Amino acid sequence: MAVPDFQSLMLPALKSLEEGNEMRISEVRERVAITEGLTPEDLRELLPGKRQSVFVNRVSWAVIYMERAGHLEQVRRGVYRVTTEGEQLLSRAPARVDLRVLRKYPAYLKWAKKANAPSPGKVTRPMKPEGVEVTPEEALDQAVKQLSDALEVDVLDRVRKAAPAFLERVVVNLLIAMGYGGGDAAMGQVTGRSGDGGIDGTIREDTLGLDEVYVQAKKYADGNTVGESDLRNFAGAIDAVGTTKGVFVTTSKFTRAAKVYVERSPKRIILIDGEELARLMVEHNVGVRRKSNYEIKRLDEDYFDMEDL
């Protein structure tokens, strides 16, 4: 099953503490995972940014929101217990605890108002907590993913519209940016020309050129796939120059037969289709530039552990 959204985890997290004992957040997570019947695979699911597991993130925010509403309190770093307010809520045996419920509590409303108050001279969107099902980190990751997906579509479209020679240069630049040839632009060369024998570029992996990666780039429209015969010709071309490594890139896709041929070939040939090409170009900043950086900060618990000294 999928990991429930953070609002759905509020009541299970609160119930895990209803005995009144102090409990570490890791124990809360363990109890919630058991209550919700989550599998090890569910618990290993990561946020799109790969920074944290979805489950850990959602339980953490469920606890934070309930703490702000006064149902839980942190007695020391990473250790929580239920408050009198929380016990009273549990005594009413609610079917669900979510942001609609929390909005009935003055402590939560006071915190939410402060958290969303605009700075002088700035205008911000009002928070609509009733419809929120994702945590702030998830919302940010989703926005980043959406922007990245749109950018990849634009990148691939521009490459398809450019001349074939441009694609050859893009592929060599990309491989250098990925670390081939030690990341040294001087180690890459575009060789595509009439009678090139199917080789459009080379990357020298050592200074003397004893080990080289050969590249072929095919600028095809979407729907015009690269087949097995193209890969056979490329394998023959790299064999003719006495090497075993090749990268075949296309702006379209590879047929199943082409992929099977590469899997069975003694040559080490890597296939990169149009979608993967665009993704790698964005990831390695080829043909794109950074527009904005956003820094996310968290409370430094170690610092505040010193407050009683």
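The values are calculated or read from the model by the stated rules, or taken from the named source; none is laboratory data. What you see is a predicted model, and the numbers here were worked out from it, not measured in a lab. Cβ atoms come from the backbone with ideal geometry, glycine included; neighbour counts cover every protein chain shown. Surface areas here come from the heavy atoms of the whole protein model, side chains and all, with no ligands, DNA or RNA. Shrake-Rupley method; radii C 1.70, N 1.55, O 1.52, S 1.80 Å.
Brief remarks on what is shown
- Per-region count, region 67-103, residues more than 21 Å from ARG24 (Cα to Cα), open to solvent by 60 Å² or more (accessible area, probe 1.4 Å) and either out of contact with any helix residue (DSSP H, G or I) (no Cβ under 6 Å at 6 or more places or on another chain) or not in a helix (DSSP H, G or I) (or both): 7
- Every residue from region 145-192 that is under 16 Å from ARG289 (Cβ atoms), open to solvent by 60 Å² or more (accessible area, probe 1.4 Å) and modelled with pLDDT of 85 or more: LEU151, ASP154, ARG158, ASN173
- Hits in region 1-56 - residues which are basic (Lys, Arg), without any contact (Cβ under 8 Å) to a residue 24 or more places away in the chain and not in a helix (DSSP H, G or I): LYS50
- Meets criteria (over 20 Å from THR191 (Cβ atoms), open to solvent by 70 Å² or more (accessible area, probe 1.4 Å) and modelled with pLDDT of 95 or more) for ARG289: no
- Within region 111-144, tally of residues that are more than 29 Å from ARG290 (Cα to Cα), at pLDDT 55 or above and surrounded by 12 or more Cβ atoms within 10 Å (Cβ to Cβ): 4
- Number of the condition not met by PHE6 [criteria: (1) in contact with a strand residue (DSSP E or B) (Cβ under 7 Å, 6 or more places away or on another chain); (2) open to solvent by less than 10 Å² (accessible area, probe 1.4 Å)]: (1)
- Entry remark, region 243-268: residues being open to solvent by 10 Å² or more (accessible area, probe 1.4 Å), touching a residue at least 12 places away in the same chain (Cβ under 8 Å), in a helix (DSSP H, G or I) and within 21 Å of ALA221 (Cβ to Cβ) number 2 in total.
- Among the conditions (1) in a loop (DSSP other than H, G, I, E, B); (2) modelled with pLDDT of 90 or more; (3) hydrophobic (A, V, I, L, M, F, W, C), the only one that LEU231 does not satisfy is (1).
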